[in-house]
1. Once you've got the GNM for the chain with C-alpha springs shorter than 10 Å, pick whichever of VAL74, VAL222, VAL86 has the biggest mean-square fluctuation.
2. Leaving out ligands and nucleic acids, note down the accessible area per residue over the chain with a 1.4 angstrom probe, in whole Å².
3. Scan the chain and hand back the longest stretch that contains none of the GluC sites (Glu not before Pro) lying in DSSP loops with at most 16 other Cβ atoms within 10 Å.
4. Grab the other residues whose beta carbon is less than 10 angstrom from that of LEU69, score K and R as +1, D and E as -1, and report the net.
5. Within the accessible area of the chain, what % is carbon and sulfur when the probe is 1.4 Å and the other protein chains stay in place?
6. Taking a quarter of the surface of the Cα convex hull of the stretch 166-245, what do you get in nm²?
7. If each residue of separation counts as 0.36 nm, what is the full-extension length gain between ASP233 and ASN213 once their alpha-carbon separation is subtracted?
8. Rounded to a whole number of µm²/s, how large is the Stokes-Einstein D of the stretch 101-191 at 25 °C and 0.890 mPa s, given Rh as the Kirkwood radius over C-alpha pairs?
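The values are calculated or read from the model by the stated rules, or taken from the named source; none is laboratory data. Every value quoted in this text rests on a predicted model; they were computed, and no experiment measured them. Quick reminder, even Gly has a Cβ in these numbers, built from the backbone with ideal geometry, and neighbours come from all protein chains shown. Please note that ligands, DNA and RNA were not included when accessible areas were found on the heavy atoms of the full protein model with its side chains. Shrake-Rupley method; radii C 1.70, N 1.55, O 1.52, S 1.80 Å.
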Amino acid sequence: MDAVRTSLDIKEYPDTEVQKNRILTLEEWQEKWVERKITFHQEQGHQLLKKYLDTFLKGESGLRVFFPLCGKAVEMKWFADRGHSVVGVEISELGIREFFMEQNLSYSEEPIMEIPGAKVFKSSLGNISLYCCSLFDLPRANIGKFDRIWDRGALVAINPGDRKRYADIMLSLMRKGVQYLLSVLSYDPTKHGGPPFYVSDAEIERLFGSVCNHRCLEKVDVFEEKHKSWGIDYLVEKLYLLTEK
């Protein structure tokens, strides 16, 4: 128990630049899906989201919910089943097709005229639309604004040098009264190059602080045996809620 408490209370690293030049290409992310290197996917959904779902939704109905870098996240079905409209973006067409297949949802696909080579996949009920393209191309598709954003495995996967561009897109998608739930990871970035990348509290403030307040809802020790291969000895997940100032 002491070890867990120590890891949760551990000081954050000053925003070191140790990972700043680390780059994964879109092709490398697509290869991860082909090679089944998708340990980031959670088949049972995200437990902290489950825990804070009521806090996140605030009893509201008919919300528009955005999933950046959505993969085949089962939580998209959770929101759709509660009557909300879900939009996601994902570079891997394989990941998108697997989502619809595994959730037993029929769907259609069509090209996105504003983005050459990109497609949008829509559930037959019309309540889930997944865009297969780079997130940085997405603004050209005019997807509108959102009441909720669920960011798990997205900010932590974006190349550190692209974070400001990423945050600017997220801010542009926010409707008045938005609730933005953000999951980040804390570990010693001098021992693991990422992804997932280390994101500090100071970095969240730098990226979103001009527009949003943020508070940490919970910290959880998520270190497992497999993480030893990363060269780290602790891994803490932090869940933040961002709201308008």
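1. VAL222
2. Working: 11950 Å² over 245 residues.
In whole numbers, the chain has 49 Å² accessible per residue.
3. Working: sites that count: GLU12, GLU17, GLU35, GLU43, GLU60, GLU114, GLU224.
By the stated rule (loop sites, at most 16 other Cβ atoms within 10 Å), 115-223.
4. Working: positive: ARG152; negative: GLU90, ASP151.
Within the 10 Å Cβ shell, the charges total -1.
5. On the way: 6000 of 11950 Å².
Heavy-atom surface of the chain belonging to carbon and sulfur, 1.4 Å probe: 50 percent.
6. If I average the Cα hull's projected area over directions, I get 5.6 nm².
7. Details: separation 20, 0.36 × 20 = 7.20 nm, distance 3.09 nm.
Stretched fully, the ASP233-ASN213 segment lengthens by 4.1 nm.
8. Details: Rh = 15.2 Å.
Estimated via Stokes-Einstein, D reaches 161 µm²/s.
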